[in-house]
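K.L.:
To start, I am sharing the structure in question, which I have written as structure tokens.
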Amino acid sequence: MRKALYILSQLDDGDVEWMANSGKRRSLATGEIIITAGTQVESLFIVLDGKISVNVKDLGEIAELGAGEILGEISFVDSTPPYATVIALTDTHVLELPRATIEERLEMEAGFAGRFYKALAIFLADRLRSTVSHLGYGSAGLEADASMADELDDNLLDNVSLAGDRFDRLLRQLQKNSG
């Protein structure tokens, strides 16, 4: 859920409503592949529920993700095919936001573009810090910060409750749209 909080803390209520109305709730069966390594990703995904496995050739599973995680964000930013294959470990629901739909909104609304890219930057910075910490790169400097590895940035804490409410509203809106 933490990753969705980073994204939703930077977006506004109108952005979240737009996501719910513009995206598509997609059901994945256990074992279904949502992203294939080497194949261009045409959507950004937010995991709504269930469990997802991220697998890299010759390494196997490198991550297990759940509700609130974002998929396809790196390929969205730099347009390169992903290195990982992403598979549903359980029956899972995701919000699928097509690249073309997001890019259209980015071009039409500068405010959204700023909030969206800031949210992605914060999200990717957190992922990089976690990866570096996990791999032990520069471990002497990280030992002092090890207790802070799972803490949210102080600047984001004020918006965590709001972001959690936005995620709940997103889920309710998607239920309403599909019902």
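The values are calculated or read from the model by the stated rules, or taken from the named source; none is laboratory data. This is a predicted model, so every value here is computed, not measured. Please note: Cβ atoms are built from the backbone with ideal geometry, for glycine as well, and neighbour counts cover all protein chains shown.
K.L.:
Filter the range 96-132 down to residues that are surrounded by fewer than 17 Cβ atoms within 10 Å (Cβ to Cβ) and not in a helix (DSSP H, G or I) and give me whichever is nearest to the chain's Cα centre (by Cα).
P.N.:
98
K.L.:
Another question about this same structure. Would you please list the contacts, defined by Cβ atoms under 9 Å and residues six or more apart or on different chains, that run from a residue in the range 57-83 that is among the hydrophobic types (A, V, I, L, M, F, W, C) and at pLDDT 90 or above to a residue that is surrounded by fewer than 14 Cβ atoms within 10 Å (Cβ to Cβ) and not in a loop (DSSP other than H, G, I, E, B)?
P.N.:
Going by the 9 Å Cβ cut-off, the qualifying pairs are 67/49.
K.L.:
Identify all residues within the range 45-92 that are charged (D, E, K, R), in contact with a Leu (Cβ under 7 Å, 6 or more places away or on another chain) and either under 18 Å from residue 121 (Cα atoms) or surrounded by 18 or more Cβ atoms within 10 Å (Cβ to Cβ) (or both); write none if there are none.
P.N.:
Matches in the range 45-92: 73 only.
K.L.:
Same structure again: Working only within the range 1-24, note down all residues that are surrounded by fewer than 16 Cβ atoms within 10 Å (Cβ to Cβ) and within 20 Å of residue 175 (Cβ to Cβ).
P.N.:
Passing the criteria: 1, 13, 14, 17, 21, 22, 24.
K.L.:
What residue, among those in the range 35-44 that are polar (S, T, N, Q) and surrounded by fewer than 19 Cβ atoms within 10 Å (Cβ to Cβ), is farthest from residue 174 (Cα to Cα)?
P.N.:
Among those that are polar (S, T, N, Q) and surrounded by fewer than 19 Cβ atoms within 10 Å (Cβ to Cβ), it is 39.
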